[in-house]
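The block underneath contains the structure these notes are about, expressed in structure tokens.
The values are calculated or read from the model by the stated rules, or taken from the named source; none is laboratory data. Source: prediction; values computed, not measured. Cβ: placed from backbone, ideal geometry, glycine included. Neighbour counts: every protein chain shown. Please note that ligands, DNA and RNA were not included when accessible areas were found on the heavy atoms of the full protein model with its side chains. Shrake-Rupley method; radii C 1.70, N 1.55, O 1.52, S 1.80 Å.
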Amino acid sequence: MLSRACSAAVNGIDAYAIEVEVNCGYGDTLIVVLGLPDAAVKESKDRVSTALANSGYKFPMGKTTINLAPADVRKEGPSFDLPIAVATLAASEQLETDQLDNFVIVGELALTGGVRPVYGVLPIALRAKADGKTGILVPVENAAEAAVVNGLNVIPIQNLREAAQFLEGEIQILPVRVDVTKIFEAPQDADVDFSEVKGQESVKRALEIAAAGGHNVLLIGPPGTGKSMLAKRLATILPPLTLDEALETTKIHSIVGLLKPGQALVTQRPFRAPHHTASDAGLLGGNINPTPGEISLAHNGVLFLDELPEFKRSVLETMRQPLEEGTVTISRAAGTMTFPSQIMLVAAMNPSPDGKMPGESRSSPREIQNYLGRISGPLLDRIDLHIEVPPVKFREMSNLQPGETSAQIRERVVAARKIQHTRFAGKPKVTCNARMGARELKSFCELDEPTRELLKHAMNDMNFSARAYDRILKVARTIADLARSEKILADHVSEAIQYRSLDRQLWG
């Protein structure tokens with residue numbers, strides 16, 4: 001007898017429908033799995049047969065053919081165990097139900113018949129709703145994640161027998177409900193806060209500008225000046241995630257298994273800090289069927305690269321296109337996948353090979369230039385602010401007065417972002433000042449004659465390259481937004497000029 005169950009698989013950050021067909025025939029006992037299965041899917045036949053026996057069912061004798069359609073797409077992972085088991089019960093007439101077409105089923109089976117959590121449940125739930133399904137059967141640990149999708153009955157399943165009894169109507173299982181509004185309203189206690197940073201007021205100001213405009217940042221200073229400490233606190237002053245941003249971020253984290261059991265949504269902006277030994281596949285994503293890398297895991301948040309010159313040059317060069325376009329495109333023989341990468345890049349580096357500032361370093365000018373030269377011009381072109389982080393003075397370290405909290409700084413950042421949201425209404429690709437193109441620069445960054453003359457002299461006198469011009473305008477626009485000024489004034493441009501340290505050629 002032939003039976004079919006509905007499941008789904010993840011491709012990129014979205015899911016597509018999978019039809020699980022099971023046919024029980026005659027002949028010698030044999031189990032055949034079709035549909036380009038990987039090793040984990042091929043092993044499902046042994047997990048399913050043992051789970052059926054330990055759940056009080058019989059695996060059918062004769063030839064059993066399992067087909068996962070569409071047959072030309074490779075299937076990965078153990079999430080097909082539960083739908084295969086359910087379809088096998090229906091095909092062998094141990095399960096009588098007309099509900100298999102109404103539910104998407106996912107879950108890994110233990111040998112005892114228990115159901116274990118799987119990755120990528122949120123995109124699968126979104127696909128189930130888009131396909132008009134009544135509900136989805138998921139492991140208990142994944143239920144809150146799937147319940148974020150409004151209008152879909154999410155049925156938490158503990159074991160195979162419970163799934164079969166629910167589909168037959170023998171037992172009732174209440175769908176899991178999640179109040180998304182309460183999740184966002186819940187207090188979020190950050191482990192770090194800007195009030196813990198002593199001194200470095202000028203650097204805090206620069207990071208506030210970066211957060212307000214979504215600008216990429218390069219922190220330059222000797223070891224021990226607080227570069228990493230400051231970078232880790234940048235995410236605490238970024239605007240709160242919107243629902244759409246939270247859903248997209250949660251989908252990415254769900255695919256790679258970063259969600260905690262019972263977690264419904266990612267409500268805090270991500271902060272990712274890969275080691276400088278990371279490969280290009282680790283940073284951008286890879287594998288035979290590509291999965292998101294660090295730059296996508298930091299989507300809608302902060303990617304921190306400490307000791308920037310220590311990263312392999314080839315790895316850094318792969319970041320140019322994602323930083324420019326906000327997406328990562330990975331091409332393989334099996335196809336092309338695109339992952340989102342709308343991030344704020346925060347990088348940190350020493351000013352010289354021995355870590356000392358110019359004038360104090362024992363390195364020669366050539367050695368310093370070679371050290372700085374590990375960062376290519378095109379990558380540096382995509383970093384708006386170059387911030388010098390000087391050593392902290394004793395009187396600042398010993399000051400007992402607390403500094404501004406992250407919440408206080410965030411209020412100003414949110415106000416500036418609201419101005420930008422209004423300014424760029426109708427331009428979905430331009431979400432903040434840092435993502436302005438030539439057309440937006442011309443429309444929203446006009447300068448009066450005195451301010452234009454100031455920028456002209458700065459370009460000539462400080463040896464600025466032409467690529468710095470647009471960056472200065474974008475940063476000046478953000479400074480004006482923080483000051484709630486419609487026009488970019490000379491003071492705004494002057495401050496923006498101070499954040500181009502490497503363009504001023506301070507070293508070498």
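Among all the lysines, which ones have a C-alpha under 18 Å from Lys227's C-alpha, if same-chain residues fewer than 8 places away are not counted? Partners found: Lys198, Lys204, Lys356, Lys393. Counting lysine pairs in the stretch 30-165 whose alpha carbons fall under 24 angstrom apart, excluding pairs fewer than 8 residues apart on the same chain, gives 9. Amide H contacts of Ala347 (H built 1.01 Å from N, in plane; Pro and chain starts excluded): Val217, Leu218, Leu219, Leu305 sit under 5 Å, all sequence-distant by 5 or more or on other chains. Taking 0.36 nm per residue of sequence separation and removing the Cα-Cα distance, the Thr242/Asp354 pair yields an extension gain of 36.0 nm.
A protection proxy built from the mean count of other Cβ atoms within 10 Å ranks the segments 78-87, 144-153, 193-202, most packed first, as 78-87, 144-153, 193-202. Rolling a 1.4 angstrom probe over the protein heavy atoms with all chains in place gives the chain an accessible area of 46 Å² per residue.
The portion of the accessible surface of the chain made up by carbon and sulfur, rounded to a whole percent, is 50 (1.4 Å probe; DNA, RNA and ligands excluded). If the cut-off is a Cα-Cα distance under 18 Å, which lysines reach Lys429, setting aside same-chain residues fewer than 8 apart in sequence? Result set, ordered by chain and number: Lys418, Lys442, Lys474. The figure for Val392 is an accessible area of roughly 40 square angstrom, using a 1.4 Å probe on the protein chains alone.
With K and R counted +1 and D and E -1, the other residues having a Cβ less than 15 Å from that of Arg439 yield a net charge of +4.
Quick check on the stretch 225-360: take the gyration tensor over C-alpha atoms, sort the square-rooted eigenvalues as a ≥ b ≥ c, and tell me if it's rounded (a/c under 1.5), prolate or oblate. It is oblate, given that a/c is not under 1.5 and a/b is not larger than b/c. Put one equal scatterer on each alpha carbon of the stretch 1-144, apply the Debye formula with no solvent term, and list log10 I(q)/I(0) at q = 0.10, 0.14, 0.16, 0.20 1/Å to two decimals. Per q value, in the given order, log10 I(q)/I(0) is -0.29, -0.59, -0.78, -1.25. Stokes-Einstein diffusion for the stretch 93-164 at 25 °C, viscosity 0.890 mPa s, with a Kirkwood radius from C-alpha pairs, works out to 199 µm²/s. Just need log10 I(q)/I(0) for the stretch 48-90 at q = 0.27, 0.32 Å⁻¹, Debye formula, equal scatterers on the alpha-carbon atoms, no solvent, rounded to two decimals. Values returned for q = 0.27, 0.32 Å⁻¹ are -1.07, -1.26. Run the paramagnetic zone check for Gln369: 7 angstrom along Cα to Cβ, then residues of the stretch 315-356 with backbone nitrogen under 18 Å. Flagged as within label range: 351-354.
Partners of Lys260 within straight-line reach, counting lysines whose Cα lies under 17 Å from its Cα and excluding those fewer than 8 residues away in the same chain: Lys251.
Stretching Met229 away from Arg74 to a fully extended chain increases their span by 51.4 nm, per 0.36 nm per residue minus the current alpha-carbon distance. What does the C-alpha gyration tensor say about the overall shape of the stretch 323-417? Classify as rounded when a/c is under 1.5, otherwise prolate if a/b is larger than b/c, or oblate. It is oblate, given that a/c is not under 1.5 and a/b is not larger than b/c.
Other residues within the sphere of radius under 12 Å centred on the Cβ of Glu294, judged by their own Cβ, net out at 0 (K and R +1, D and E -1). Relative protection proxy for 205-211, 179-185, from highest mean packing down: 205-211, 179-185 (other beta-carbon atoms within 10 angstrom). In this simple spin-label approximation, Glu19 and Ile183 carry label points 7 Å from Cα along the Cα→Cβ vector, and these lie 3.2 nm apart. Value of Rg to Rh for the chain, rounded to two decimals, is 1.08; Kirkwood radius and Rg both from alpha-carbon coordinates. Summing +1 for each Lys or Arg and -1 for each Asp or Glu, what net charge is found among the other residues whose Cβ lies under 13 Å from the Cβ of Ala146? Cβ neighbours under 13 Å give a net charge of +3.
Near Lys75, the amide H atoms lying under 5 Å from its own belong to Asp38; only residues 5 or more places off or on other chains count, and H is placed 1.01 Å from N.
Placing +1 on each Lys and Arg Cβ and -1 on each Asp and Glu Cβ, with no other charges, gives the chain a dipole about its Cα centre of roughly 1160 debye.
Say R0 is 25 Å: what FRET efficiency, to the nearest 0.05, do Ala130 and Thr50 get from their beta-carbon distance? Efficiency, from the Cβ-Cβ distance: 0.15.
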